[in-house]
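Notes follow once the structure below has been shown.
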Amino acid sequence: MSENKAKGPHQPGEGIRSMRSTSVFRLINFELYTKPNTIIMGIGLAAITGVFGYIAYMRYKYESLGYYVAIKEDGQEQFVKKKSNWEI
């Protein structure tokens with residue numbers, strides 16, 4: 001029976017960590033040599049989800065107010081409430 005063992009000092013799954021490199025390369029690209037931290041990833045995912053949710057909520061609230069940006073003849077921007085053609 002053959003066993004699936006790595007030959008040499010490198011182990012499976014080490015990837016770039018097993019290669020020889022300079023200290024400067026390791027300092028600049030430290031994320032290649034660290035193991036993933038699932039707690040920090042979860043916090044980051046929750047934060048980015050909250051930010052996108054807040055932006056979507058604010059956009060929905062702004063659009064539901066019925067205002068749009070109109071540009072006057074002199075180039076100034078003005079917020080104008082949308083009107084139906086049926087309104088006077």
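The values are calculated or read from the model by the stated rules, or taken from the named source; none is laboratory data. Given the structure is predicted, the values throughout are model-derived calculations rather than measurements. Glycine also receives a Cβ, built like all others from the backbone with ideal geometry; neighbour counts cover every protein chain displayed.
Would you call Lys61 loosely packed, with under 10 Cβ neighbours inside 10 Å and modelled with pLDDT of 80 or more? Step through it out loud before you land on a result.
Working: loosely packed, with under 10 Cβ neighbours inside 10 Å: yes; modelled with pLDDT of 80 or more: yes.
Criteria met by Lys61.
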Quiz item: Which one is nearest to the chain's Cα centre (by Cα), of the residues in the stretch 28-58 that are modelled with pLDDT of 95 or more and among the aromatic types (Phe, Trp, Tyr)?
Solution: Phe52
Quiz item: Do the conditions hold for Thr22, that is, is it modelled with pLDDT of 85 or more and out of contact with any Leu (no Cβ under 9 Å at 6 or more places or on another chain)?
Solution: no
